[in-house]
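The values are calculated or read from the model by the stated rules, or taken from the named source; none is laboratory data. Every value quoted in this text rests on a predicted model; they were computed, and no experiment measured them. Using ideal geometry, Cβ is built from the backbone for each residue, glycine included, and neighbour counts are taken over all protein chains shown. Surface accessibility is based on the protein's heavy atoms, side chains included, excluding ligands, DNA and RNA. Shrake-Rupley method; radii C 1.70, N 1.55, O 1.52, S 1.80 Å.
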Amino acid sequence: MNVNDVTRTIMQCRPDAILVSSLGTATSSVRLVTSDGPHFYFGAAMGSALAGALGLAEAVPDRQVVAVLGDGEFLMGASALWSVAAYRPSNLTVVVLADGAYSITGGQPIPAPLHVAAVANALAGTRGVAVSSTTELAATLRSEPTSPDAPGAPLVIEATITERTWPGPSPFIDPAATVRNLRASLAQAPAPA
């Protein structure tokens, strides 16, 4: 499974979701797979995507929000997971692309395994699942309720990346244009049923 497989599976299972990512492979993949759709990208702010996704989930509780994070990105902003556990937005799903490397900067290894799913399960307020195939990922995403009123803790999915692929560089992201595009999309789209 590679990063583009993960992003495609997310979009197949949650086509109306707003994806949030930060710089790096995750953003490059989201932009490639969605044809630069109206999602929320953090340009040069490694470690901020999970906190941003939490804020967006709180701001638009009637929409599904999926944070797509590289494991290096997750590591840089891991403290935000405790806030996710505290606030428990039922419309937030976190997908961590776990390849054990800082892929965007040349593949330097992350010094210690993150065990993201285990950490999420250890916190009261989040649930963690580890997947190693798109079939497992799709089944996990489809088994989760998507109603904004659904009870339950936010799901954190650790998606093991076994195939290295380069989705391409992420061109410059104009922050103001990103916000305008997302706002326009939110204004146009009816809330999913």
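Contact map, region 180-193: first residue exposed (fewer than 10 other Cβ atoms within 10 Å of the Cβ), second residue polar (S, T, N, Q) and modelled with pLDDT of 85 or more, Cβ cut-off under 6 Å, separation 6 or more or different chains; the map is empty. Taking every residue in region 96-122 that is hydrophobic (A, V, I, L, M, F, W, C) and pairing it with any residue that is surrounded by fewer than 20 Cβ atoms within 10 Å (Cβ to Cβ) and part of a helix (DSSP H, G or I), at least 6 positions away or on another chain, the pairs with Cβ-Cβ distances below 7 Å are Ile110/Leu75; Leu114/Leu75.
When Asp36 is tested against (1) in contact (Cβ under 8 Å) with a residue 12 or more places away in the chain; (2) open to solvent by 10 Å² or more (accessible area, probe 1.4 Å), just one condition goes unmet, and that condition is (1). For Glu158, the conditions (1) open to solvent by less than 50 Å² (accessible area, probe 1.4 Å); (2) within 16 Å of Val65 (Cα to Cα); (3) modelled with pLDDT of 85 or more; (4) not aliphatic (A, V, I, L, M) all hold with the exception of (2). Within region 15-30, the residues that satisfy the criterion of being open to solvent by 10 Å² or more (accessible area, probe 1.4 Å) and within 13 Å of the chain's Cα centre (by Cα) are Leu23, Thr25. Every condition in (1) within 21 Å of Thr165 (Cβ to Cβ); (2) open to solvent by less than 40 Å² (accessible area, probe 1.4 Å); (3) aliphatic (A, V, I, L, M) is met by Met46 except one, and the failing one is (2).
Looking only at region 68-124, count every residue that is charged (D, E, K, R) and open to solvent by less than 20 Å² (accessible area, probe 1.4 Å) and tell me the total.
So the first thing to find is which residues in region 68-124 are charged (D, E, K, R), and the list is 71, 73, 88, 99.
Then keep just the ones that are open to solvent by less than 20 Å² (accessible area, probe 1.4 Å); that gives 71, 73.
Qualifying residue count, region 68-124: 2.
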